[in-house]
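The values are calculated or read from the model by the stated rules, or taken from the named source; none is laboratory data. In this text the structure is predicted, and so the values were computed from the model without any measurement. Methodologically, a virtual Cβ is constructed for each residue, glycine included, from the backbone with ideal geometry; neighbour enumeration extends over all protein chains shown. Ligands, DNA and RNA are excluded from the accessible area calculation, which covers all protein heavy atoms including side chains. Shrake-Rupley method; radii C 1.70, N 1.55, O 1.52, S 1.80 Å.
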Amino acid sequence: MRRLRLKGFGLLLLFVLVTLCSTFDVCDGRRGKHWNKRRFPYTSMAKKKGKGKAGVGSHHHSGSTRVKPSPSLTPTLAPPPAASKPVKGSPPSKQAAAVFDVVDYGAQGDGVTDDTKAFQAAWAAACKVEASTVLVPAEYEFLVGPISFSGPNCQPNIVFQLEGTIIAPTNAKAWGSGLLQWLEFTKLRGITIQGSGIIEGRGSVWWTYYDYDYESDIFSDIDSDVDPVNAELSGNMPHIKPTALRFYGSYNVTVTGITIQNSPQCHLKFDNCEAVAVHYMNVSSPGNSLNTDGIHLQNSRDVNIHHTNLACGDDCISIQTGCTNINIHNVNCGPGHGISIGGLGRDNTKACVSNITVRDINIHNTMTGVRIKTWQGGSGSVQSVRFSNIKVSEVQTPIIIDQFYCDRSSCKNQTSAVALAGIAYENIRGTFTVKPVHLACSDSSPCSDITLTQVELEPLKEQYHMYDPFCWQAYGELYTPTVPPIACLQNGKPASNRILSDHDTC
């Protein structure tokens with residue numbers, strides 16, 4: 001009897017086990033019917049991250065919105081959300097794309113309304129977000145007065161996306177007694193101005209002042225090339241003319257794509273900047289616009305300028321004191337005054353310039369080609385300069401060193417000078433209209449280590465009154481014959497070359 005009870009209990013237990021196993025098989029079958037054939041190939045990291053939480057696509061909310069996965073077998077990354085414009089006057093959220101459109105901050109863009117405050121507001125908002133973008137949209141014309149985009153409290157790596165046009169006011173009241181800058185970016189770490197937009201300085205209202213420019217009359221038989229430009233508001237603007245776009249005290253600066261035109265004075269200026277890149281941009285002003293340098297460098301280092309078109313009424317590129325490690329290549333220059341180092345040493349000051357490379361340049365219809373100019377009475381030095389692969393056409397004087405530079409009709413004779421050494425001219429070819437080479441060096445500090453290689457300069461027209469190459473206290477070597485022959489360059493080192501004092505040494 002006891003055995004029968006045990007046997008019955010065992011049969012009952014077997015039946016229960018069979019029933020349970022059958023149930024699990026059915027569950028596995030159902031699960032496989034929906035998932036096994038198209039199982040999403042999650043990585044082990046994904047499995048680990050999702051353990052104990054609602055699956056992807058669940059309606060359970062765990063603090064963030066979840067995206068339903070793609071039904072494809074290969075996992076794909078979802079595209080970033082579309083950029084959303086911040087609400088005017090409200091701080092952007094961390095999730096929103098950091099794009100600050102000046103129109104959202106009140107800019108009208110009609111070319112008449114003063115949009116300065118809207119630009120300031122958009123900039124102030126962008127400064128709070130790292131790697132943000134200030135957008136100046138296309139198909140608008142924004143009238144903007146003098147403005148400083150300051151940076152001490154700004155987050156790094158801000159982009160100023162210029163697609164529309166920014167125009168300067170021509171109302172004298174907007175400038176007061178005169179300002180040195182129009183649009184200024186100061187003390188920023190990582191600032192990029194890019195886009196296909198235009199900065200329009202409307203400089204003709206400033207160019208009506210006629211300032212005698214000695215360098216335009218460097219040869220007595222040349223008429224001045226800087227006649228004043230007629231303007232509708234003649235005489236109304238202040239005498240101090242602003243630079244269109246200036247960067248001061250900034251690191252990692254990029255300017256690309258944009259056009260700056262008709263600046264009242266210099267178009268683009270860098271002062272006390274480091275790690276600067278300028279490329280694929282344009283400067284455009286008439287050749288008779290006064291003092292409108294294309295790009296002006298001062299107290300800046302590690303600068304790279306390339307693939308840029310520069311047309312202006314003064315130096316296409318001006319390199320001033322405190323500049324080192326400057327690389328300029330693939331630039332079109334003209335009209336203008338060429339590419340210049342200096343003037344240096346004005347008012348008995350010390351000037352230091354070193355490691356300058358200017359190569360692969362086209363210079364057309366300019367007053368000079370490649371030039372170094374210093375005032376008498378200065379100190380310091382210019383050294384390690386290389387001008388290479390320069391093509392000139394219709395240039396008055398392609399190669400100039402002028403250590404007697406004077407920006408007025410006469411200057412006081414002084415003995416001290418900025419020392420020049422290690423200046424190389426390589427493969428400079430083309431046509432001139434006045435003089436091929438002019439090397440006028442200081443009596444007390446002659447130029448040394450000047451080298452010329454493959455210099456071939458032909459007069460544009462033989463009937464022009466031409467000058468022969470001129471040298472004064474210039475020492476160096478001709479590595480190849482030159483056209484025309486430059487017999488005036490003295491070989492070796494200057495015997496009277498003085499030892500630089502601590503005051504002179506850079």
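Go through the range 260-269 residue by residue and tally those that are open to solvent by 10 Å² or more (accessible area, probe 1.4 Å) and in a strand (DSSP E or B).
Keep residues of the range 260-269 that are open to solvent by 10 Å² or more (accessible area, probe 1.4 Å), which gives 261-262, 265, 269.
Keeping just the survivors that are in a strand (DSSP E or B) gives 261, 269.
Residues flagged as open to solvent by 10 Å² or more (accessible area, probe 1.4 Å) and in a strand (DSSP E or B) within the range 260-269 amount to 2.
In the range 486-496, which residue that is outside any strand (DSSP E or B) and either within 21 Å of K391 (Cβ to Cβ) or open to solvent by less than 80 Å² (accessible area, probe 1.4 Å) (or both) is modelled with the lowest pLDDT?
Residues of the range 486-496 that are outside any strand (DSSP E or B), as a first pass: 486-489, 492-496.
From what is left, the residues that are either within 21 Å of K391 (Cβ to Cβ) or open to solvent by less than 80 Å² (accessible area, probe 1.4 Å) (or both) are 486, 488-489, 492, 494, 496.
Details: I486: 96, C488: 96, L489: 97, G492: 90, P494: 90, S496: 68.
This residue is S496.
For every residue, the table says whether it meets (1) more than 27 Å from K187 (Cβ to Cβ); (2) assigned to a strand (DSSP E or B); (3) hydrophobic (A, V, I, L, M, F, W, C); (4) at pLDDT 95 or above.
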{"position": "P286", "(1), (2), (3), (4)": "yes, no, no, yes"}
{"position": "T292", "(1), (2), (3), (4)": "no, no, no, yes"}
{"position": "L297", "(1), (2), (3), (4)": "no, yes, yes, yes"}
{"position": "H307", "(1), (2), (3), (4)": "yes, yes, no, yes"}
{"position": "I328", "(1), (2), (3), (4)": "no, yes, yes, yes"}
{"position": "N332", "(1), (2), (3), (4)": "yes, yes, no, yes"}
{"position": "R359", "(1), (2), (3), (4)": "yes, yes, no, yes"}
{"position": "I363", "(1), (2), (3), (4)": "yes, yes, yes, yes"}
Legend entry - Subset of the range 430-484 (residues that are surrounded by fewer than 19 Cβ atoms within 10 Å (Cβ to Cβ), assigned to a strand (DSSP E or B), of a type outside the set (D, E) and modelled with pLDDT of 95 or more): T431, A440, T451, T453, Q454, F470, W472, L478, V483
Legend entry - Single residue of the range 341-373 satisfying the filter (more than 24 Å from K412 (Cα to Cα) and among the charged types (D, E, K, R)) that is most open to solvent (accessible area, probe 1.4 Å): R359
Legend entry - the range 384-429, residues that are open to solvent by 30 Å² or more (accessible area, probe 1.4 Å), within 15 Å of D360 (Cα to Cα) and either outside any strand (DSSP E or B) or not charged (D, E, K, R) (or both): N389, S393, N427
Inset, instruction - Looking only at the range 270-283, decide whether some residue is open to solvent by 30 Å² or more (accessible area, probe 1.4 Å), modelled with pLDDT under 95 and assigned to a loop (DSSP other than H, G, I, E, B). - result: no
Inset, instruction - State whether the residues of the range 298-311 include one that is closer than 20 Å to Q396 by Cα, open to solvent by 10 Å² or more (accessible area, probe 1.4 Å) and touching a residue at least 40 places away in the same chain (Cβ under 8 Å). - result: no
Inset, instruction - Evaluate the range 236-253: report whether one residue or more is touching a Cys at 6+ places or on another chain (Cβ under 9 Å), open to solvent by 10 Å² or more (accessible area, probe 1.4 Å) and small (G, A, S). - result: yes
Inset, instruction - Within the range 334-343, identify whether any single residue is touching a residue at least 60 places away in the same chain (Cβ under 8 Å) and part of a strand (DSSP E or B), and answer yes or no. - result: yes
